[in-house]
Structure formats: C-alpha cells, structure tokens
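The values are calculated or read from the model by the stated rules, or taken from the named source; none is laboratory data. Note that the coordinates shown come from a computational prediction; the quantities given were computed from them, not determined experimentally. Neighbour counts run over all protein chains shown; Cβ positions are idealised from the backbone, glycine included. Ligands, DNA and RNA are excluded from the accessible area calculation, which covers all protein heavy atoms including side chains. Shrake-Rupley method; radii C 1.70, N 1.55, O 1.52, S 1.80 Å.
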Amino acid sequence: MCTSVKIQSKTGEFFWGRTMDLDIPMFPDDSGFYLPSVITSLPSNTRIDSQLEGWDSKYAVIGVGMKDSTVLFDGINEHGLTGDLQVLKECGWASKESIAEKKKTPMLAEEFVSYVLSTFKSVAEIREQFDEFMLLDQPYAYGGTDFHFPVHFSFVDETGDGIVLETLEDGSFTIFDHISVMTNSPRYDYHTTNIRNYIGLNNVTVTASKTLSTGAVIDPIEGGTGYGMFGLPGDYTSPSRFVRAFFLSNNLNAFSKEHGINELYSVFRTVFIPKGLERNEKNPNVSDYTRYWSGYDMSERTVFVQTGKGLAITTAKLDDTIENVSYEEIKISL
C-alpha cells in the first residue's frame, strides 16, 4: 500500500511525494531481515548497471532506493522529473520471447524508475516513447532473495504534467493522465471514476441549525466544528486513501514556496499507516505499514525522507557533478 501526491504553491512551484507502505522491513528491524534503504544518487553520462542490459544515463538522479544497487523506489532528476513505483496487483509481465517478437525493449519493474529518470527529461518525452517498453517476467535478485513486485508507475515533471503507467496482462504499457494522486489497486481508471461518488464533499463547516419539513430542528454538534469534508472515507484501503489524498490536496489554502514541504507533509499525515493496523491474516506478526515518507521540492531538486521508525528527517539535494553512484544513510532518530 502506498500513496503519492502532487501540490502546487501560489507562485507555481510543485511539490511531490509518496509513502512507502510495505510488509517488508526497510530499515533495521527486530526480525533481522530488511531491505537496506538509502538515499541513492545516480550520475549523468555514466554506464548504469542492470540485471538485464545496462544503459547510459543522460541525467543525474537522486531518490530513495536499495543500497548497493541502482534500484530506485522514487526519485527526481536534474530537470525536475519525479517518479515512483507502487504495488498494483493487476500488473502484467511478458516473456523474453514475447517481447523480442514484438520488437520491444524488456525492462525489470524494479529498475524502471531509475531508467526513466536517468533517460527522460519530461513527461512529454515519456509519452512519446512509453510503448517501446514491456515488463519482463523475471525477478530482481538482491541479497540472496528474488523479488518480483507487481507495480505501476507515476511520473510528474516540473511543469506539473503527469502520467501513470500500468502494464496489461501481456506486459505492454497503457497510459493515464495523472490527476495529482496515485495509490494502488484497482487500475487507475477505477480511481478517477470513483472520486465522482464524492462530488458532494466540501470544505465548509455547518454552523446554522436546520429545520426539516416536519418542523424538527437539528443543531450542529460543537457549533459545526469538523463538518468540512464530512463523509471523507477514513480507512486505509487504496480507494479510500486515493479519495482522501485527492480532496485534501485540492482544498489546501494557498501557500508560498517556502511552506511547500510542510503543506505536502500535512496531506500525507492523513494516509500514514501506523504499525499494527494492517496485520497479515496468516501471520499476525507481519504488519503492512508506512516504512517511509519522501517529499520532493521539485524546483530545488531536494528530497526529504522520514522513516516510520523515528521523527528525524534526512534532507539531500541533487548534485549533477557526481561521477559515481553513491549512497547516503537515512536517519532514524533525532
């Protein structure tokens, strides 16, 4: 389970971020096993290693990924293009033979964000070429374990233009216009239809009494406090998180650039999943919760990361002069 959100300041700058909600530890944990997650920087004009065929990066990238790999879960490049991957159960893959037959380029899902951010400078460029790629039915090997996450992807650039890419059953990509939010299953077009059910939501409190046709009078509770957005779904399912993030991010007060990350964080507070609320039926010791939040000041090419294990926020700015892949530890405690 994950959520990503885009908001815009009153002077036009965009801020984008995501939660990583997962039932696999990503930072040191009592279980002993975890995916060591770090802030990863990829240089421009460098050969990037891959478990398929490596590629030559055009642009520098910074984001959150797995240590000692070029995998990125989310990131931003030197031109302000951001992107992330999130779980999508409906994800499809294709065999090498099928991809070769269709003369497409095979991609590992886990490497796709890194590839796109280091290769394209804008959403417009991705739109022109997305159908040249297909997801390969091959797991990503890491630390002696094979990972094969079913995922979809969102990309947003500095102009605010955004897309969501999902694969069909045959592994080929389909595209949707991004409407400022992405969560998980079902497919993206379900969510863009489902939000129409909540068209009656508004951000106005109700302070006046209401007289019904029978003469009965109903008074608002506590003088009307809290009635704004009454009916907003409060659970942690993907459709509910989508509705919540969409309406909250679209009803913020106008804010200045310097308050952008704080405003972004305020929206995400409503979708952070505490540990213990989403336990696995078969293994109650396993809980799907928010492992980290990352927020990006897109105009400044800066990422802010907070884990679900502490209050510290690690800040890092993209450096387009680096020559080698590098890793920075994410702080846990203040």
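Charged side chains reduced to their Cβ positions (Lys and Arg at +1, Asp and Glu at -1) give the stretch 1-119 a dipole of some 480 debye around its Cα centre.
Length gained on full extension, Leu277 to Ser209, computed as 0.36 nm times the residue gap minus the Cα-Cα distance: 20.8 nm. Which of Ser95, Tyr236, Thr207 sits closest to the plus end of the dipole of the chain, meaning its Cα is farthest towards the positive end, when Lys and Arg get +1 and Asp and Glu get -1 on the C-beta? Positive-end residue among those listed: Thr207. Residues whose amide H falls under 5 Å from that of His148, counting only those 5 or more places apart or on a different chain, are Tyr140, with hydrogens built in the peptide plane. Between amide H atoms placed 1.01 Å from N, distances below 5 Å from Tyr292 occur with Met20, Gly308, all of them 5 or more places distant or on a separate chain. Screening the chain for whole DSSP H helices with an alpha carbon extent of at least 18 angstrom along the helix axis and a mean Kyte-Doolittle hydropathy of at least -0.5 yields nothing.
Placing a pseudo-label 7 Å from each Cα along the Cα-to-Cβ vector at Asn45 and Ala254 gives an inter-label distance of 4.3 nm. Toward the positive end of the charge dipole of the chain, with +1 on the Cβ of Lys and Arg and -1 on the Cβ of Asp and Glu, the farthest Cα among Phe147, Leu311, Gln86 is that of Leu311.
Taking the Cα centre of the chain as the origin and placing charges on Cβ (Lys, Arg +1; Asp, Glu -1), which of Ser180, Ser266, Trp16 is farthest toward the positive end of the dipole? Result: Ser266, furthest along the dipole toward the positive end. Near Met26, the amide H atoms lying under 5 Å from its own belong to Leu35; only residues 5 or more places off or on other chains count, and H is placed 1.01 Å from N. This model, with +1 at the C-beta of Lys and Arg and -1 at the C-beta of Asp and Glu, gives the stretch 95-147 a dipole about its Cα centre of some 140 debye.
Taking every protein chain into account, the 1.4 Å probe leaves Lys309 with about 90 Å² of accessible area, to the nearest ten. Of all lysines in the structure, those lying under 26 Å Cα to Cα from Lys104, and not within fewer than 8 positions of it along the same chain, are Lys58, Lys89, Lys96, Lys121. Out of these labelled values of Cα extents along the principal axes in Å, (i) 58, 47, 40; (ii) 74, 44, 44; (iii) 67, 52, 32, which was calculated from the coordinates shown here? Correct label is (ii). Phi angles across the stretch 194-199 convert, under the Karplus curve 6.51 cos²θ - 1.76 cosθ + 1.60 with θ = phi - 60°, into 3J(HN,Hα) values of 4, 5, 5, 5, 10, 4 Hz, Gly and Pro given as x. Around the Cα centre of the chain, unit charges on the Cβ atoms of Lys, Arg, Asp and Glu (plus for the first two, minus for the last two) sum to a dipole of about 960 debye. Along the stretch 85-91 the Karplus relation, 6.51 cos²θ - 1.76 cosθ + 1.60 evaluated at θ = phi - 60°, assigns HN-Hα couplings of 10, 9, 5, 9, 4, 7, 4 Hz to successive residues, with x for each Gly and Pro. In this view, the solvent-accessible surface of Arg291, computed with a 1.4 Å probe and all protein chains in place, comes to about 20 Å².
Extension gain, Asp177 to Ser326, is 50.3 nm, computed as 0.36 nm per intervening residue step minus the present C-alpha separation.
Restricting to bridges with both residues inside the chain, how much of the DSSP beta-bridge set is antiparallel, in percent to the nearest 5?
On the way: 69 of 73 bridges.
Within the chain, antiparallel bridges account for around 95 percent of the total.
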